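Read through the structure below, which is laid out as structure tokens, and then see the notes.
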Amino acid sequence: MKSTGRRLLLLALSLGAANQLWAQTAATPSADADFDKLALDFTSGYLAARPLQGVALGFHQYDGKIGDYSRLAIDAEVERLKRFQNQLGKLDASKLSKGAAIDRCILQAAIAGELFKIVDMDVFDKNPMTYAGALNVNIYIKRDFKPLEDRVRDIVTIEDQAANIMTAAKTNLLPILPKPYVELAIQIANGSADFLEKDLAGALKDVKDEGLTTAFQDSNKKAAAALRDFAAWLTKERLPKATADFALGAKKFQQMLTGTEMVDLPPDKILAIGLQRLKEEQDIFAAAARIIDPQKKPVEVFKQIQSEHPKPGELVTDVAKDLDQIRQWVLDHHIVAIPSDVRATVTATPQFDRATTLASMDTPGPFEKKATQAYYYVTPVEDNWTDKQKDEWLTSFNYYTTDVVSIHEAYPGHYVQFLHLNASPATQVEKIFRSYAFIEGWAHYGEKMMLDEGFGSAPNPTPEQKVRAAKYRMAQADEALLRLCRLCVSIKMHTQGMSVADAAKFFHENCYYEEKPSLSEAMRGTFDPGYVNYTLGKLQILKLRDDYKAQEGANFSLEKFHNELLNHGAPPIRLLREILLKDESKWGAVL
């Protein structure tokens with residue numbers, strides 16, 4: 001149970017009443033109270049330096065603010081992170097309650113992750129994407145947490161900082177940068193300018209206040225110009241001198257895994273596991289294909305599956321209908337509790353988000369009080385597309401892959417994860433600082449788990465039902481192959497010298513992607529080595545489930561396991577082993 005002091009901490013942070021709380025907890029001579037004060041102090045400074053994240057969480061005292069990208073501010077934040085890292089390290093964990101000790105580890109992992117990005121990955125010195133994507137004001141038009149006019153004023157305030165951010169970028173960035181970063185930053189900067197000029201302007205066309213409209217048009221024009229100028233500067237000043245050197249190296253890669261996810265296995269061992277699983281998944285993909293059509297190659301069979309999709313005008317309604325059926329299947333088969341009857345609204349992806357989004361779950365922040373509706377966005381075809389373009393787009397929404405994606409995004413994936421987070425007794429620390437491997441690992445694990453539990457199949461199946469089940473398994477295996485390729489490519493590129501071209505070839509040969517998406521996946525791996533965590537998280541959850549099942553014996557319940565897993569926020573999965581497993585000797589065996 002949480003102490004009264006800890007409950008007061010939660011309330012205080014929600015209300016922004018930090019000074020009052022500190023006075024209360026400072027008088028409490030307990031280790032937990034000292035930790036709570038430290039956690040509140042850290043979190044307040046953390047969000048002040050990352051106001052867009054604060055807004056997304058639902059803390060609207062940060063509305064209209066954007067981070068400070070000056071060298072002085074960056075250096076100050078590094079020093080602040082190191083100071084708290086040192087203070088947390090000095091705390092005597094043996095004197096903390098188990099809940100506070102877990103929260104301490106979560107904060108340590110969060111700080112390690114931030115320092116890794118700033119110091120070891122040099123995101124402010126080496127990665128111009130940090131600046132090209134800084135003006136991310138989507139939340140101000142996606143969520144109506146206050147009147148539109150007030151949100152537009154916040155956007156104007158943020159856009160007015162665009163020139164300062166781009167000036168800081170030119171000052172901070174090193175003369176020689178990784179070529180993939182520069183190329184992507186140029187695309188992002190120009191794309192962001194297009195977004196401001198077209199999509200953002202279009203989304204705000206109904207603002208009635210003429211003076212506000214004029215102010216927005218002025219700030220929007222200047223912000224777009226600053227982004228285009230930055231893209232031109234990168235093209236002229238940094239692209240000609242850019243190199244292929246982006247790799248972290250084995251030592252830093254290990255540091256990333258150990259510091260942020262508490263996984264201390266060496267990268268080469270994780271890679272060996274990944275390559276083995278990749279072969280196994282390819283065999284599953286091929287075996288399912290043989291059930292459907294033994295005369296064709298597996299990739300040809302999957303292309304045939306992709307042709308089975310909704311008509312252009314029926315996409316959103318079909319996804320919504322299937323989503324309700326998936327939700328009911330989860331309940332009927334006691335997969336996991338769904339703590340709320342409030343459904344995610346299935347709707348077309350907003351126009352301003354369609355360039356980069358196929359399907360996505362948009363949930364409110366855990367502290368949002370007004371704009372609390374969750375949306376499952378599905379990107380439809382455009383009216384001006386040719387019939388061929390429409391058909392090619394809809395192959396991604398074939399009936400089987402779409403259901404697997406809905407499992408990942410909604411039931412029992414990200415949306416159920418969000419509902420549990422809201423309903424759980426998780427602390428502020430647990431709600432704010434979340435593990436990449438747990439967030440994506442849970443959703444990816446759900447895809448396999450649901451099919452293993454019988455989704456898409458039938459007892460004593462007819463030949464037609466066997467084919468249908470095989471199509472679902474191919475769709476699920478296809479998603480798994482992509483994530484396994486990410487794991488392998490991330491480690492190979494950052495620890496074994498794999499080039500972007502070879503990485504793209506790896507995706508093409510092992511998860512059967514076409515040339516363009518294969519290159520896109522390879523490019524992502526250069527700046528997001530953490531995409532190893534989709535599969536790494538899934539494998540950790542499967543291992544934890546096996547160990548928990550062995551512990552519980554005849555008392556094991558899949559639903560109980562899932563409920564317990566989701567009842568503690570989204571910490572590194574290594575910490576969930578400490579929470580769920582009684583045998584301390586098993587805590588460190590993450591895979």
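Read-outs throughout are calculated quantities, based only on the coordinates presented, and are distinct from any laboratory measurement. As the structure is a prediction and not an experimental result, all values here were calculated from the model. Heads up, the Cβs are rebuilt from the backbone with ideal geometry, glycines too, and the neighbour counts pull from every protein chain shown.
Between Ala231, Leu174, Thr213, the Cα set farthest toward the positive side of the dipole of the chain (charges on each charged residue's Cβ, about the Cα centre) is that of Leu174. Along its principal axes, region 273-334 has C-alpha extents of 36, 32, 21 angstrom, given from the largest down. For the peptides 314-322, 151-159, the ranking by packing is 151-159, 314-322, with the highest mean count of neighbouring Cβ atoms within 10 Å listed first. Using the Cβ-Cβ distance between Lys516 and Lys582 with R0 set to 45 Å, the FRET efficiency from 1/(1 + (r/R0)^6) comes to roughly 0.35. Simple rule: put +1 on each Lys or Arg Cβ and -1 on each Asp or Glu Cβ in region 216-367, find the dipole, and look at Ala344, Pro366, Gln255; the Cα lying farthest toward the positive end is Gln255. Between the residues Cys511, Thr43, Phe418, the greatest Cα displacement towards the positive end of the dipole of the chain, with unit charges on the Cβ of Lys, Arg, Asp and Glu, is found for Thr43. Based on C-alpha pairs under 8 angstrom that are at least 6 apart in sequence, the chain has a relative contact order of 15 percent. Dipole magnitude for the chain: about 1040 debye, using +1 per Lys or Arg Cβ and -1 per Asp or Glu Cβ, origin at the Cα centre.
If only the Cβ of Lys and Arg carry +1 and only the Cβ of Asp and Glu carry -1, the dipole of region 129-238 around its Cα centre is close to 360 debye.
Peptides 464-473, 178-187 ranked from most to least packed, by the mean per-residue count of other Cβ atoms within 10 Å: 178-187, 464-473. Relative contact order for region 454-532: 30 percent, from Cα pairs under 8 Å spaced at least 6 residues apart, divided by residue count. The spacing between region 163-201 and region 45-98, judged by their C-alpha centroids, is 25 Å. Both radii come from the Cα set of region 409-544: Rg as radius of gyration, Rh as Kirkwood radius; their ratio Rg/Rh reads 1.05. Mind running the shape call on region 129-238? Use the C-alpha gyration tensor, a ≥ b ≥ c as the square roots of the eigenvalues: rounded below 1.5 for a/c, prolate if a/b tops b/c, oblate otherwise. Prolate, because a/c is 1.5 or more and a/b exceeds b/c. Rounding to the nearest 20 debye, state how big the charge dipole of region 326-443 is about its Cα centre with +1 on each Lys and Arg Cβ and -1 on each Asp and Glu Cβ. Its charge dipole is roughly 420 debye. Orientation-averaged projection of region 442-501 equals 5.4 nm² [convex hull of Cα atoms, one quarter of hull surface area].
Between Thr157 and Thr372, residue separation times 0.36 nm minus the direct Cα-Cα distance comes to 74.9 nm.
The mean sequence separation of alpha-carbon pairs under 8 Å and at least six residues apart, normalised by the residue count of region 254-535, gives a relative contact order of 23 percent. With semi-axes defined as the square roots of five times the eigenvalues of the C-alpha gyration tensor, the equivalent ellipsoid of region 337-438 measures 30, 14, 12 Å, largest first.
Estimated from helices alone, the mean residue ellipticity of the chain at 222 nm is -20000 deg cm²/dmol (sum of -39500 (n - 2.57) over DSSP H runs with n ≥ 4, per residue).
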